Structure formats: C-alpha cells, structure tokens
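The values are calculated or read from the model by the stated rules, or taken from the named source; none is laboratory data. These numbers were taken from a predicted model, which means no experiment stands behind them. Please note: Cβ atoms are built from the backbone with ideal geometry, for glycine as well, and neighbour counts cover all protein chains shown. Areas reflect the complete protein model, heavy atoms only, side chains present, ligands, DNA and RNA absent. Shrake-Rupley method; radii C 1.70, N 1.55, O 1.52, S 1.80 Å.
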Amino acid sequence: MSVDMSQRGETSEGAPGAAADQQKKKMKTIYIVYLIAALDITWMFLQFSVTPYLAKKLGFDTLWFGYLQTMVGIIQLLGGPMFGRFADLFGARVALSLACASTIVFFLLLAIADHPAMLFIHKIPTVFMHVLPASQMVVADLSEPEKRADALSKLGLCFGVGMIAGSTLGGHLNTRYGEAFTACFGAVGSTFSLLLVLKFIPKTTKAQTPRANTESENKRKSIFNVGEIIRLTKFPGVTATFLVKIVAGLPSGIFQVMFSIIALDIFKLQPEQNGYLMAYFGIVQMVIQGGVIGRLTARYSESSLLLLSIGVSSLVGLAQAYMQNVFHFCLTVIPMMFSLSVFNVITDSMLTKSVPSSDTGTMLGLCSSVQSLLRTVGPTAGGFLYVNYGVSSLGLIQFVVNIVVFVYLLLRRPKKLAEQKE
C-alpha cells in the first residue's frame, strides 16, 4: 500500500511539474517569436526608407509608384492564404525559415536595383514574405483562447519597436551611405532572423497529435486546393467579420499606402525626417499595444471594442481631411494608431477563434490577404483620388465608409445578442 501511495504522490506532483515545464517552453517560444517579429518589422521599415527615394531617382512618378505597390499587393494576396496553409501543414520552423530566406533574397535584389524593371523584379520574393502572419500563428497556437487578443496585441508592440528601430536606422543609413548599403544591411539582418528561427523555433506548434503518413501526404497535396481555404469562410461569423475587415479597413489602407507620397509631396520630408516621423508612429503604437489593448480586452467584449475602433477611425478620417501640415497630422496619429491597432487585433482574434486550432495558420493567411487586397486596390484608388481630388478626399471617404459600417454593426448588435442568448 505504501508503494502505491508513493507512486500516486509522485504522479500527482509530477503532472503539475510537467505542465509547468511545458508552459515555460511555450512562453520561451512566444518570446523568441516576438523578437523575430520585431526584427522582421525593423527590416521592413528599413526598406521603406529606401524604396520611395530609389524609385524617385529611377524616374518613377506617383502613378508608377502606385503600380509598384499594387504588384506587391497582388503577389501577397495570392501568396498569403497558400502560405498560411503551408504553415499549418509543415510547421512553424519551415514556414518562418521560408519567409526569412525570401526576405534575404528581397534585400539582395533591392541592393543591385539600378533600373526601373529591377524594382519590380525585387518584389517577387514577397510572395513568401509572411513572417508576421507566421508569428501570429505560433502565438495563436501557444496562447489560451481567452488570452489570445492580448497575446496577439504584444506582436503589435513588437511592430512598434521595429517601426522605431527600422525607420530611424533606415533614415540614417540611407542619408549617409545610400540605398545599396541600406539594402545590404537589411539582408544581413534578415540572415540573423533566419538563424534565430533555425535555433529556437520548434518544428510544429500545433496541439493535435500527428496524423497518419497517408493522410498527411493527402493533405500536403491540398496546399493549393482553393476549396480547402474557402471552407473556412463557411464557419459561423467568419464571412461577416471578413466583410467588416475589408470594407472598414479599405479607406485607412488607402491612406497608409499613399502616406509615403504625402510625406514627399505635401510635407516635403527628407529621408531622415521621415524616419523620425515613423519612429513617432512606433512609440505611439508601443504604448497602445503594450499598455492599452490588454486592459481593454480584459474588461470589454470584442464586439464592443470593434465598434469603438471603427467609430474612432471615422473621426480620424474627418480630421485628416482638414489637416494642413505635418503638425496637424501628428495630432491625429494617436487616435489613428489606436483605431488601427484595436481593429486589427480584435478582428484577427475573432477569426482565429471561429475555426479549429489546426487551421489557425490558414485563417491568419487569409487575414494577411485582406491587408494585401487593401494594398492592391489602395495605390490605384489612392492615386486616382489624390491626383483628381486632393489629399482631403482620402480622409472624407474614410469618414463616410466607417460611419456606415459603424451604424450597420450597431443595428445588427441586438439581433446577435438575442441569438447568443437563445
């Protein structure tokens, strides 16, 4: 009997200990993913300090720069869902390795770009450059559902860190050493990110047990099966949330795409000054993502926060329509970053909770494709509005569209609450 009791005691003590160790491993992986995401955003904003000015040197006008941005949107629109499914099937390490390796190639091509055609060619690797969605997948897999929005918001904190570091560093490097050196620096940084992935990220972060080999092989053949991706839109609430994400996000997406042109033509900012402004964006986003969103999600429902973000976004559009200089724009940055951060975190959290955990990568790939869709439509629509109606038209459209979506969600909310009670 004493032996049985001791064995039971070891089991009861060992189980919590094993669970604690498992939780520590999960948190270590999440922290490494946060670091990888922060570095990737740093290299991305480093690139933002190169491309607009290099394009101008190579003779690009506003229209052709819009075509360049549209090409990136189309490539990532097609690649996002497929990459997400690839991540679900082959695991986090392989997916993140592919994304980081593509970023290295991207920067190397940018470094040797000396002709307008090369600027288009260097965008081709963006089809696999989905480090942030892959990072979101890992965090969604390893975090509890009730804490998912807060965990995803911390990736936004990483975004702020990367925005500050990348914009400031890119502005200084571009000003002092030129575009080619800055691009090479980005390639070296991306290589370091790849080494972190290979060293610290596990092969898979899914909770499900491994499937049979035959079934795995059949599933791998379905990576490019559009039907398997569309299947996710049939889960309850997914289609409605996607429509809101697209419609309400389109006007602000247009403004973001056109901001580099506004900074050059309206605000007359030099590369270093533009870097400081982007760093200011990053500081605001860090405060919001790190200290605000977690507290809001703990106190208020996701549907209420979605309404709040859309309402604030409409007011931001109205303010941007009447801004006259960079100081006026800086005043709108705080509510703008708040609405964008809350909107993106809440919609991503709602969508990943609507599907099985085995499909979170594919769902986040679809979410990234929404952003790519906005970048695809944004440059063409934004260029047309900017050239024909001025910068104020961008803000007015954001105001009108978000007010309409806000009223729609407000009227739909009582019906949704009644359905949930039933």
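All of Lys123, Lys147 fail the test of being over 22 Å from Gln270 (Cβ atoms), touching a helix residue (DSSP H, G or I) at 6+ places or on another chain (Cβ under 9 Å) and open to solvent by 20 Å² or more (accessible area, probe 1.4 Å), apart from Lys147. Just a yes or no: is a residue in segment 59-73 at pLDDT 85 or above, open to solvent by 20 Å² or more (accessible area, probe 1.4 Å) and either assigned by the TED database to the domain that holds Met258 or hydrophobic (A, V, I, L, M, F, W, C) (or both)? Within segment 59-73, none of the residues are at pLDDT 85 or above, open to solvent by 20 Å² or more (accessible area, probe 1.4 Å) and either assigned by the TED database to the domain that holds Met258 or hydrophobic (A, V, I, L, M, F, W, C) (or both).
Whether any residue in segment 152-160 is in contact (Cβ under 8 Å) with a residue 40 or more places away in the chain, open to solvent by 50 Å² or more (accessible area, probe 1.4 Å) and either over 28 Å from Gln270 (Cα atoms) or small (Gly, Ala, Ser) (or both) is what I want to check. Looking through segment 152-160, at least one residue is in contact (Cβ under 8 Å) with a residue 40 or more places away in the chain, open to solvent by 50 Å² or more (accessible area, probe 1.4 Å) and either over 28 Å from Gln270 (Cα atoms) or small (Gly, Ala, Ser) (or both).
Against the definition (within 17 Å of Thr241 (Cβ to Cβ), open to solvent by less than 20 Å² (accessible area, probe 1.4 Å), out of contact with any Gly (no Cβ under 9 Å at 6 or more places or on another chain) and of a type outside the set (Gly, Ala, Ser)), how does Val333 come out, yes or no? Judged against the criteria, Val333 is not a match. Restricting attention to segment 40-72 and to residues that are touching a residue at least 60 places away in the same chain (Cβ under 8 Å) and of a type in the set (Phe, Trp, Tyr), the residue that is nearest to Ala381 (Cα to Cα) turns out to be Tyr67. All of Val138, Val94 fail the test of being closer than 24 Å to Ser372 by Cβ, assigned to a helix (DSSP H, G or I) and either open to solvent by less than 10 Å² (accessible area, probe 1.4 Å) or modelled with pLDDT under 85 (or both), apart from Val138. Look through Ser354, Ser341, Ser368 and report the one residue that is under 17 Å from Leu306 (Cβ atoms), in contact with a Pro (Cβ under 9 Å, 6 or more places away or on another chain) and polar (S, T, N, Q). So the residue among Ser354, Ser341, Ser368 that is under 17 Å from Leu306 (Cβ atoms), in contact with a Pro (Cβ under 9 Å, 6 or more places away or on another chain) and polar (S, T, N, Q) is Ser354. Taking the stated definitions as given, is Ala101 aliphatic (A, V, I, L, M), more than 18 Å from Leu54 (Cβ to Cβ) and crowded, with 24+ Cβ neighbours inside 10 Å? In short, no. Given the criteria among the aliphatic types (A, V, I, L, M) and at pLDDT below 85, does Ala111 qualify? The answer is no for Ala111.
Note on segment 168-267: enclosed helices (runs of 4 or more DSSP H) holding 3 or more residues that are modelled with pLDDT under 85 are 213-220, 226-230, 238-265. Selection over segment 258-308 of residues that are open to solvent by 50 Å² or more (accessible area, probe 1.4 Å) and either of a type in the set (Gly, Ala, Ser) or assigned by the TED database to the domain that holds Leu173 (or both) gives a count of 2.
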